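Here's the structure we're looking at; comments come further down.
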Amino acid sequence: MKTDQFTVEMAQEFHRRMAAIVEAVQVGIWASGRHDLLSYDSDFGFGQQRGQQTLVLKTASRSAYVRLDWDTILGNTANERQRVDDAIHLAVGVLG
């Protein structure tokens, strides 16, 4: 990805989708009975050149890492959406 192809709209959509992952995990752990506030941090590089994006999710006593490719996070195919859903489910299982 060339830097001139990267737009503010792409950055906004990336952050919206990362926030949606955090929200889904928070709801999932709450529904599992762990009423703990989820904290998070990320280690990501913009664009396809960076590949894998890492979202670190933590409760008071546990941590989970959600690692997905940039294209998967921003993707809209059924396979990409399923990979995001699977990552959320795994994180809830670790933290819940």
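The values are calculated or read from the model by the stated rules, or taken from the named source; none is laboratory data. Not measured: the values here are computed from a predicted model. FYI the Cβ positions are ideal-geometry reconstructions off the backbone, even for glycines, and counts take in every protein chain you see.
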>> If I filter the stretch 20-32 for residues that are modelled with pLDDT of 95 or more, small (G, A, S) and within 30 Å of Q5 (Cβ to Cβ), do I get at least one hit?
In response: yes
>> Give me the residue from the stretch 29-43 that is within 17 Å of the chain's Cα centre (by Cα) and either β-branched (V, I, T) or part of a loop (DSSP other than H, G, I, E, B) (or both) and, out of that set, surrounded by the fewest Cβ atoms within 10 Å (Cβ to Cβ).
In response: L37
>> If I go through the stretch 60-81 residue by residue, how many of them are out of contact with any Ser or Thr (no Cβ under 8 Å at 6 or more places or on another chain) and either surrounded by 15 or more Cβ atoms within 10 Å (Cβ to Cβ) or part of a helix (DSSP H, G or I) (or both)?
In response: 12
